[in-house]
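The values are calculated or read from the model by the stated rules, or taken from the named source; none is laboratory data. Just so you know, these numbers come straight off a predicted model, no measurement behind them. Don't worry about glycine lacking a Cβ; one is built from the backbone with ideal geometry, like all the others, and counts go over all protein chains shown. Remember, those area values only see protein heavy atoms, side chains included, never the ligands or the DNA or RNA. Shrake-Rupley method; radii C 1.70, N 1.55, O 1.52, S 1.80 Å.
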Amino acid sequence: MTVDTYVAPKRLDEALEAMRGGRATILAGGTDLMPQSQSGKTPLGRRLVNVRRVAELHGVVLANGALHIGALTTISELMASELVRRHLPILGEACEHFASSQIRNAATLGGNVCNASPAGDTLVPLVALGAAVELASKPNGAVSTRTVPLAEFVVGPGRTRREPMELLTAVLVPLPAAGSVQRFYKFGTRLGLDISAISLGLAAVREGRTLRQVRLALGAVAPTPMRSPGAEAALEGRPLETGVIEAAAAAARDDARPISDVRASAWYRRELVHNMVKRMLTDVAEG
């Protein structure tokens, strides 16, 4: 399909107006869209809407007990954010393993979320943190918004619950409770510049040697980033002793539903999940 119209709005309402009709393609950082459109994986719509100049979509603020991260906030800006470093270290750590510095300077959080890769570097920590996405549209001339938990937003590789006329405007992350413990792990051929073979994200509240409100997220082991209900149940309210850690690691391995591809076999991914969850939890217990 040939692009007929290019627009570069400066305000959110202008961007949403340009998307009415549902035949628009959103351009933000372009680090996923450009190669995917050139390869034919993601055909461009009739209208290309460049949202990079929409001021409302930038920045990180703390409000109403949550961090509001604008969809156009770049990976580099997340790494530099004092609020992210203080409250969401797991997200900052994931960003450090995100591609190259050149890509981090252009790639946006909203773009990484909407790309909906099972191996998306920011998705696993965001799922572990209980994040949600804010979506906006202008169906009847007035701006309308809705919020969807991130774990429900991504429905398959490259597929989300975003409607054609909607724009992802922000990612909302509840402020972690006192005693929060967070861990991130990514395995690939290289630490950066590589797609994950697996990734793990842990967020919980620590009380002595016991974890509560446990969320353990797994990446690149299912069609979408997923939580491990078996591991979470094995850990919830139990002291981090050897048997508990082993049971949680085994449950995470059993919950994983990986495929074999050029980066790793399904068997190897399951074993990585088991071993790395065990190592992660041992580190938490000893810390």
* To do: Run the dipole for the chain about the Cα centre, Lys and Arg Cβ at +1, Asp and Glu Cβ at -1, nothing else charged, and hand back the magnitude in debye, nearest 20.
  => 400 debye
* Asked: Under 19 Å from the Cα of Lys138, which aspartates and glutamates turn up, not counting those fewer than eight places away in the same chain?
  -> Asp13, Glu14, Glu17, Glu56, Glu163, Glu166
* Asked: How big is the gap, in Å, between the Cα center of segment 1-29 and the Cα center of segment 74-136?
  -> 24 Å
* Sort 148-159, 22-33 for me by packing, meaning the mean count of neighbouring Cβ atoms within 10 Å per residue, highest on top. => 22-33, 148-159
* **Surface per residue (accessible, 1.4 Å probe) for segment 115-274, Å²** => 42 Å²
* To do: Using the charge dipole of the chain (Lys, Arg: +1 at Cβ; Asp, Glu: -1 at Cβ; taken about the Cα centre), state which of Ala256, Val214, Ala170 has its Cα farthest towards the positive end.
  => Ala170
* Asked: What lysines sit close enough to Lys186 to cross-link, taking a C-alpha to C-alpha distance under 30 Å and skipping anything fewer than 8 places away on the same chain?
  -> Lys41, Lys278
* Structure fact -> So the carbon and sulfur contribution to the accessible area of the chain, 1.4 Å probe, in percent, is 51 percent
* Taking the alpha-carbon centroid of each part, what is the distance from segment 178-243 to segment 142-162 in angstrom? -> 23 Å
* Which whole-number percent is the relative contact order of segment 230-287 (Cα, under 8 Å, 6+ apart)? -> 35 percent
* To do: Mind putting a number on the dipole of segment 77-166 about its Cα centre? Charges go on the C-beta only, +1 for Lys and Arg and -1 for Asp and Glu, and I need it in Debye to the nearest 20.
  => 200 debye
* Structure fact -> With bins of 10 Å, the percent of all Cα-Cα pairs of the chain per bin from 0 is 7, 29, 34, 21, 8, 2, 0
* Towards the positive end of the charge dipole of the chain, with charges on Cβ (+1 Lys, Arg; -1 Asp, Glu), say which of Asn64, Thr122, Ala18 has the farthest Cα. => Ala18
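Name the shape class, rounded, prolate or oblate, that the alpha-carbon gyration tensor gives for segment 6-61, where a ≥ b ≥ c are the square roots of its eigenvalues, rounded holds for a/c under 1.5, and otherwise prolate holds if a/b is larger than b/c and oblate otherwise.
Oblate is the answer for segment 6-61, as a/c is 1.5 or above yet b/c matches or exceeds a/b.
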